[in-house]
Every structure is written in C-alpha cells, then in structure tokens.
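The structure appears right after this line, and notes come after that.
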Amino acid sequence: QVQLVESGGGLVQAGGSLRLSCRASGSIFVINTMGWYRRAPGNGRDLVANITRSGNTNYADSVKGRFTISRDNAKNTVDLQMNTLKPEDTAVYYCNADIQNADTVWTRNYWGHGTQVTVSS
C-alpha cells in the first residue's frame, strides 16, 4: 500500500514563510512527477507546482518567484518552500505523485490527505 503524508501547514501572517513536506511510503518502485495542489474555499483543486524525477519544475503563475518546490529521490520526499505568503494563499494543500508500485508495476496517481495553510492579513 502506497501513501503520501504531508506535514508543515499552519497559521502565518502575511509576508511570512512556511515549508510543506510530503513523504511517500509503501511498496514503491519509482516515483515520477511529484507536486503540490491546493483547494481554497469555494474553489477547485489547482496546481501549485510540480517537479519531475529529473528536477524539471513547473509553477502556477500566482506563486512564481515566491514558492520553490524540491524533492529528494532517495528519501521519496517533496517539499514546498513558501515565502512572502499572501492571504489568497490560504487553502488546503495536497501532495500528489505518480508512483509505480513495486508489487504490481502499475503506475497510479496518489494524493495525500491535505494540510491546512492559513495566511492572516
């Protein structure tokens, strides 16, 4: 069984920083693209940033220059450093990954349960 577990959410004032972490565990053969999505109240789940296994990154326009995604392939982790946070960054943040299962060799898309980020003005 593969699972993604996020940590690092919380409450911060506008202009502050938070770092989210996500670790994949279970029967993993290889992890391809990993990323972070967020869902603000009343909105759908939107891409924040993702990163390929080789390190190519992609960011939503709204976070470019403020957020940085990184990963450690040896540890099966992906982090999101969030700086200069704004109230509009308030959302539940979800970790996402395309993982090839070591038992079945099937590749599936997995989601974490989410972590709340609240930015006060």
Please work out if Asn43 is open to solvent by 40 Å² or more (accessible area, probe 1.4 Å) and at pLDDT 95 or above.
-> no
Can you name the number of the only condition in (1) surrounded by 20 or more Cβ atoms within 10 Å (Cβ to Cβ); (2) modelled with pLDDT under 95 that Ser27 fails?
-> (1)
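The values are calculated or read from the model by the stated rules, or taken from the named source; none is laboratory data. As the structure is a prediction and not an experimental result, all values here were calculated from the model. Every residue, glycine among them, receives a Cβ derived from its backbone with ideal geometry; neighbour counts consider all protein chains shown. Only protein heavy atoms, including side chains, enter the accessible area calculation; ligands, DNA and RNA are left aside. Shrake-Rupley method; radii C 1.70, N 1.55, O 1.52, S 1.80 Å.
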